[in-house]
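Working notes for the structure below.
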Amino acid sequence: MNDIIYLVPALGLVGLLYTFWRFNWVSNQPTGDENMQKLSGYIADGAIAFLKAEWKILAYFAIPTAVLLFWLGSDEGTPDRPIHSSPVIALAFLIGAVFSATAGYIGMKVATKANVRTAQAARTSLAKALEVSFTGGSVMGMGVAGLAILGLGGLFIVFYQMFAAGHELTSVEMKKAIEVLAGFSLGAESIALFARVGGGIYTKAADVGADLVGKVEAGIPEDDVRNPATIADNVGDNVGDVAGMGADLFGSYVATILATMVLGQEIQVTDNVGGFSPVILPMLIAGVGLLASLVSTFFVRISSETASVQNALNLGNWLSIAITFVSSYFLVHHLLPETLNLRGFEFTSNGVFLAIIVGLVVGALMSAITEYYTAMGKRPVLSIIEKSGTGHATNIIGGLAVGMESTVLPILVLAAGIIFSYKFAGLYGVSIAAAGMMATTAMQLAIDAFGPIADNAGGIAEMSQLPSEVRERTDNLDAVGNTTAATGKGFAIASAALTSLALFAAFVGIAGIKAIDIYKADVLAGLFVGGMIPFIFSALCISAVGKAAMEMVNEVRRQFREIPGIMEYKAEPEYEKCVAISTQASIRQMILPGAIALISPVLVGFTFGPEVLGGMLAGVTVSGVLMGMFQSNAGGAWDNAKKSFEKGVQIDGVTYYKKSEPHKASVTGDTVGDPFKDTSGPSMNILIKLMSIVSLVIAPYIAVKSDASVGQKELQKIEKTAAKVVKISTSNKS
């Protein structure tokens, strides 16, 4: 193997050095007056308290799972069905879990520092507020990408030296190294699911409680300091939209690269890097994508109060994509030979590059389509605003219709992406397309995380009663942040579809099955069960938000009722009680949805075999992608329909503002959409990939016997029968 592989962890370190540098820059920005610092301290303390409680529960899950993986990895199988794994997979799992939790922690830590500093910067100018909030987001993006590339590249080198030093890429020793590396992805995705679901339940329970009692019943702003749930609401932005998203995209990033490596391990080539180019390429694409994102962060700037924040973010995004596009061309043609072959499908290095372009185009189109369906001023959001004029029910109907309609174009884009990437480079093309799409994850996360930071900054500005122009600037950032958050979720779900197909192909190869035959009754049953799982998963998540929100509503009402002087600013609400309700509810309610994702592939695989499990994976992938798009887009559109009333909207020639009846209807729609867009919807992409990763890890243990081994046994039976016939014939002659 060539020394170029050492460039991969080195690029990861570059991302982490940037993270450290910009984290210190954010920390050195002004924090405002004493009241702003006190409120920011409440938010930071609440976020840390949640993460500690969550990590404690996750430790109870991670340690027994590692023990189980250690035991499974000790099984070497039989001579006719060897298992290429090792007890070291348990260590890889734990490292993946720790890195995933760390990725979320980095994002949460910088967000709780950047929020108050963004609010203070907004007292100066919109440009300064954007600089602070986006820099905070870029710290998270680079931290996540840096950890992922460092972890994957570093562990790949270690496992190669441990299991496959001196062996070819297609050797069984190398197969073992890649299988053990899959434990890293399993750990990352497992923690990501719990972090996303737990954080989503937390933030939406607080948000719904703050909205229903504060805005609708008491008639006070969402982030009013008198609202007992407002601190919990702002904490939720950090633990759900930042820490949860960080762990989410860390897991997605790792799974995408790993899927390409698993398929690449089957390709035998002669190249400049010892025949290892098919597995090195996806890691290096991720590395150059990180560098492209790093460079592009310095171009996200505005120069005036009237400049478009969205255009500045779009410039950074498109620039990172363009740099990755150019870099990928040189990487592909330097590393890969002219022709390659995977499972009988022959393709060229040019085909691989074209597949990467397909991934970049699909990612860009998915972001653009999601922006259209969720952005202010566009037809879908305007249609929901119009329906708010006739009440709460028509607002809900309009939002549901927009969400359902929003699945059409993305699915067509995904279908085209799958067809063209496969045509260019087969299954390897589909997986490398996903790797190309995810290459600019650092920039995508920076744009995504900037939104919750701006939202928190607006909350602190409102609670601190800063001048109106400060809140106008933070509202400007927050409105754009709502759209970027929605596009980020659409991007993650699209990557999940391509990555899951690649993981599915890898699972089929390791499990030893040739095809998934849906004419078989048990396989068709698995397909239907898989299609059902995203629905029960969503139901559990939404129900959990509803239960926690009821507790929050009752607590807020109790405080308004029993603590005199709150509404007159003479008494401070008991914020910590609302924080405790969200923390306890989210930790308690996140366990069952997570268990479904982890246990169902194991039960089906070991009970019914790999083909039925393959049917279930197909069902959960299709259903999960649709559910994820529908819920995320509907929730995002409802949210921006509500926010549109802050500047005034026209319905049938009449202008309506906040506190009007149409606005109250929009608040109801936003409340319904909250668990859609921030809990169950974005969890779909992790659900899909986690079930695929679990299936990949257990594939060696449920694999069917290969045709060769079966043929050998049949030959042995024939030989034994022939020997008996000869013996009998000889005996009769005697």
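Observations on the model:
- Test for Phe450: is it in a helix (DSSP H, G or I) and modelled with pLDDT of 90 or more: no
- The residues of the range 381-390 that are aliphatic (A, V, I, L, M) and either within 25 Å of the chain's Cα centre (by Cα) or surrounded by 23 or more Cβ atoms within 10 Å (Cβ to Cβ) (or both), listed by number, are Val381, Ile384, Ile385.
- Condition met for Leu331 (part of a helix (DSSP H, G or I), among the aliphatic types (A, V, I, L, M), over 24 Å from the mean Cα position of the chain (by Cα) and within 25 Å of Phe491 (Cβ to Cβ)): yes
- Of residues in the range 505-536 being of a type in the set (Phe, Trp, Tyr) and surrounded by fewer than 21 Cβ atoms within 10 Å (Cβ to Cβ), the one nearest to Leu696 (Cα to Cα): Phe528
- With respect to the conditions (1) modelled with pLDDT of 90 or more; (2) open to solvent by less than 20 Å² (accessible area, probe 1.4 Å); (3) closer than 19 Å to Met245 by Cβ, Val98 lacks only one, and its number is (2).
- The set of residues from the range 430-457 being under 15 Å from Gly146 (Cβ atoms) and either surrounded by fewer than 24 Cβ atoms within 10 Å (Cβ to Cβ) or touching a Phe, Trp or Tyr at 6+ places or on another chain (Cβ under 7 Å) (or both) comprises Met438, Thr441, Gln444, Ala446.
- Restricting the range 160-186 to residues that are of a type in the set (Phe, Trp, Tyr) and either within 21 Å of the chain's Cα centre (by Cα) or more than 19 Å from Pro82 (Cα to Cα) (or both), the residue that is surrounded by the most Cβ atoms within 10 Å (Cβ to Cβ): Phe184
- Hits in the range 547-586 - residues which are over 23 Å from the mean Cα position of the chain (by Cα), touching a residue at least 40 places away in the same chain (Cβ under 8 Å) and closer than 30 Å to Ser623 by Cβ: Lys547, Ala548, Ala549
- Given (1) in a helix (DSSP H, G or I); (2) modelled with pLDDT of 80 or more; (3) open to solvent by less than 10 Å² (accessible area, probe 1.4 Å), number of the condition Asp211 does not satisfy: (2)
Conditions tested, residue by residue: (1) open to solvent by less than 30 Å² (accessible area, probe 1.4 Å); (2) within 24 Å of Pro278 (Cα to Cα); (3) out of contact with any Leu (no Cβ under 8 Å at 6 or more places or on another chain).
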position	(1), (2), (3)
Tyr6	no, yes, yes
Leu16	no, no, no
Asn24	no, no, yes
Pro30	no, no, yes
Asp33	no, no, yes
Gln37	no, no, yes
Ser40	yes, no, yes
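- Residue list for the range 211-250, filter: out of contact with any Asp or Glu (no Cβ under 7 Å at 6 or more places or on another chain) and more than 30 Å from Gly594 (Cα to Cα): Val213, Val216, Glu217, Ala218, Gly219, Ile220, Val225, Arg226, Asn227
- Of all the numbered requirements in (1) charged (D, E, K, R); (2) open to solvent by 10 Å² or more (accessible area, probe 1.4 Å); (3) in contact with a Gly (Cβ under 8 Å, 6 or more places away or on another chain), Glu189 misses one, and that requirement is (2).
- Evaluating Val295 against the criteria (1) in a helix (DSSP H, G or I); (2) among the aliphatic types (A, V, I, L, M); (3) touching a Pro at 6+ places or on another chain (Cβ under 9 Å) leaves one unmet condition, (3).
- Whichever residue in the range 341-380 is of a type in the set (D, E, K, R) and closer than 20 Å to Lys423 by Cβ and, among such residues, is least open to solvent (accessible area, probe 1.4 Å): Arg343
- Every listed requirement among (1) buried (at least 24 other Cβ atoms within 10 Å of the Cβ); (2) in a loop (DSSP other than H, G, I, E, B) is met by Val132 save one, (2).
- Annotation for the range 44-57: at least one member residue is closer than 24 Å to Gly107 by Cβ and acidic (Asp, Glu).
- Only listed residue being surrounded by fewer than 24 Cβ atoms within 10 Å (Cβ to Cβ) and either at pLDDT below 85 or in contact with a Phe, Trp or Tyr (Cβ under 6 Å, 6 or more places away or on another chain) (or both), chosen from Arg561, Arg588: Arg588
- When the helices (runs of 4 or more DSSP H) confined to the range 656-734 are screened for residues that are in contact with a Phe, Trp or Tyr (Cβ under 9 Å, 6 or more places away or on another chain) and at pLDDT 50 or above, those reaching at least 1 such residues are found at 661-675, 681-702.
- Residue match in the range 239-252 (condition: in a helix (DSSP H, G or I), at pLDDT below 85, closer than 30 Å to Gln37 by Cβ and among the hydroxyl-bearing types (Ser, Thr, Tyr)): no
- Hits in the range 101-128 (condition: outside any helix (DSSP H, G or I) and surrounded by fewer than 24 Cβ atoms within 10 Å (Cβ to Cβ)): Arg123, Thr124, Ser125
- So Ser632, is it modelled with pLDDT under 85 and crowded, with 21+ Cβ neighbours inside 10 Å: no
- A count restricted to the range 69-80 and to residues that are open to solvent by 90 Å² or more (accessible area, probe 1.4 Å) and outside any loop (DSSP other than H, G, I, E, B) stands at 2.
- Cβ-Cβ distances below 8 Å connect the following pairs, each with a first residue in the range 630-655 that is under 19 Å from Thr668 (Cβ atoms), a second residue that is among the acidic types (Asp, Glu) and open to solvent by 30 Å² or more (accessible area, probe 1.4 Å), and a separation of six or more residues or different chains: Lys643/Asp475; Glu646/Asp475; Ile651/Glu386.
- Residue within the range 2-11 that is assigned to a helix (DSSP H, G or I), modelled with pLDDT of 90 or more and not aliphatic (A, V, I, L, M) present: yes
- In the range 458-474, residue nearest to Thr230 (Cα to Cα) [restricted to those that are part of a helix (DSSP H, G or I) and open to solvent by 10 Å² or more (accessible area, probe 1.4 Å)]: Glu462
The rows are residues; the columns are (1) under 30 Å from Leu342 (Cα atoms); (2) part of a helix (DSSP H, G or I); (3) hydroxyl-bearing (Ser, Thr, Tyr); (4) open to solvent by 10 Å² or more (accessible area, probe 1.4 Å).
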| site | (1), (2), (3), (4) |
| --- | --- |
| Leu263 | yes, yes, no, no |
| Pro278 | yes, yes, no, no |
| Pro282 | yes, yes, no, no |
| Ser303 | no, no, yes, yes |
| Leu313 | no, yes, no, no |
| Gly316 | no, yes, no, no |
| Ser320 | no, yes, yes, no |
| Ser327 | yes, yes, yes, yes |
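- Sole residue being crowded, with 24+ Cβ neighbours inside 10 Å and either within 22 Å of Lys547 (Cα to Cα) or more than 13 Å from the chain's Cα centre (by Cα) (or both), chosen from Asp241, Asp224: Asp241
The values are calculated or read from the model by the stated rules, or taken from the named source; none is laboratory data. Source: prediction; values computed, not measured. Neighbour counts run over all protein chains shown; Cβ positions are idealised from the backbone, glycine included. The area values use the complete protein model at the heavy-atom level, side chains included, leaving out ligands, DNA and RNA. Shrake-Rupley method; radii C 1.70, N 1.55, O 1.52, S 1.80 Å.
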